[in-house]
1. For the list (1) part of a loop (DSSP other than H, G, I, E, B); (2) in contact (Cβ under 8 Å) with a residue 24 or more places away in the chain; (3) over 14 Å from Gln144 (Cα atoms), I need the number of the one condition that Glu264 fails.
2. Say whether the condition of being within 30 Å of Gly210 (Cα to Cα), at pLDDT below 90, open to solvent by 50 Å² or more (accessible area, probe 1.4 Å) and polar (S, T, N, Q) is met by at least one residue in the range 65-84.
3. Out of all the residues in the range 226-243, which are open to solvent by less than 50 Å² (accessible area, probe 1.4 Å) and either charged (D, E, K, R) or assigned to a helix (DSSP H, G or I) (or both)?
4. Would you tally the residues in the range 178-210 being under 25 Å from the mean Cα position of the chain (by Cα) and in contact (Cβ under 8 Å) with a residue 24 or more places away in the chain?
5. In the range 151-171, how many residues are within 17 Å of Leu215 (Cα to Cα) and open to solvent by 40 Å² or more (accessible area, probe 1.4 Å)?
6. What are the residues in the range 108-148 that are over 15 Å from the mean Cα position of the chain (by Cα) and either surrounded by 18 or more Cβ atoms within 10 Å (Cβ to Cβ) or among the polar types (S, T, N, Q) (or both), if any?
7. Could you list all residues from the range 154-174 that are touching a helix residue (DSSP H, G or I) at 6+ places or on another chain (Cβ under 7 Å), under 13 Å from Thr188 (Cβ atoms) and assigned to a loop (DSSP other than H, G, I, E, B)?
8. Across the range 182-191, what is the total count of residues that are farther than 15 Å from Ser159 by Cα and surrounded by 15 or more Cβ atoms within 10 Å (Cβ to Cβ)?
Amino acid sequence: MRSSTWAKFLILLVAFAMLAAACGDSDGDSGASGSCEFEELELVTEGKLTVATGEPAFPPWVGDNDGNGFDDPTSKLGFEAGIVYALAEELGFAEADVVWVRTDFFDAIAPGPKDWDFNIQQYSITADRDEIMDFSDPYYTTRQALVLYPDSPFAGATSTDDLKDAILGAAIGTTSLDFIEDVIKPDTDPNVYDENVDLEAAMNAGQIDGLVVDLPAAYYITAAQVEGSIIAGQFEAEAAAPDEYGMLFAEGNTLVGCINDALETIKDSGKLQELEDTYLTQGGGIPTISD
């Protein structure tokens, strides 16, 4: 190739690279950013922070003002409701300017414009979802938990060694099953089921002493699926592939960077840990099962 032709080729190559970069984010990378000055935030409704959550929204994620109910995010009670108002304050919003809307969990994960600025309802950050949506940085990493009946001989377990004689169950293909096999290592192989709902029948039939699920699932199972069951503990050890929750944004939403900055601030200040301690650890009174 002659030098002049080579130079033209390089120019074209650089121009193509710049064009590709400008088109960017079709791979689902998070991190789109715009101005974080309050007056310049790109919002679905000017001056309002519109946040979506599930319907209904359960504790410990969303509570209500009487302290015994749920599904009232404007109460500011609950881990996720608390995060939203803390982020809103960092961004310069008054509490009254936080507007809540409701969405179906799965319908929200679809390409296209949204009528909310971000959605928060325990969305795990996965590569598949990140292909069509954007995520904030993680705001919570869940742990595995042990669910059983309070009269179980394993109800007082304080370490994984205390569970060596237990017959445990988990759903197939889950990090919970990996956790039993790789971390707890009971003397008896775990019972494996197709779905979490099958675990309920196994518990009721006495086929297993307890089941291992991630902590949010444990809250739901003990509250709504397996009557009389309790969360005996959350495990200190992390799973091989920690399940991280992020706030969900429409692809290319320029608010992502601003939310990440605000999230980092409430992490550094200890506010995020305070919320976790209140609603997911100390407040829930869930003991820790050590390695």
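1. Going through the list (1) part of a loop (DSSP other than H, G, I, E, B); (2) in contact (Cβ under 8 Å) with a residue 24 or more places away in the chain; (3) over 14 Å from Gln144 (Cα atoms), Glu264 breaks only (1).
2. Yes, that holds for at least one residue.
3. Asp243
4. Narrowing the range 178-210 to residues under 25 Å from the mean Cα position of the chain (by Cα): 178-184, 192-200, 210.
Those left that are additionally in contact (Cβ under 8 Å) with a residue 24 or more places away in the chain: 178-180, 182-184, 193, 195-200, 210.
Summing the residues that are under 25 Å from the mean Cα position of the chain (by Cα) and in contact (Cβ under 8 Å) with a residue 24 or more places away in the chain in the range 178-210 gives 14.
5. Qualifying residue count for the region: 1.
6. Lys114, Trp116, Asp117, Ala145, Leu146, Val147, Leu148
7. Scanning the range 154-174 gives a single hit, Phe154.
8. Number satisfying all stated conditions: 2.
The values are calculated or read from the model by the stated rules, or taken from the named source; none is laboratory data. Just so it is clear, the structure is predicted and the values come from calculations on it, not from any experiment. Neighbour counts run over all protein chains shown; Cβ positions are idealised from the backbone, glycine included. For accessibility, only protein heavy atoms count, side chains too; no ligands or nucleic acids. Shrake-Rupley method; radii C 1.70, N 1.55, O 1.52, S 1.80 Å.
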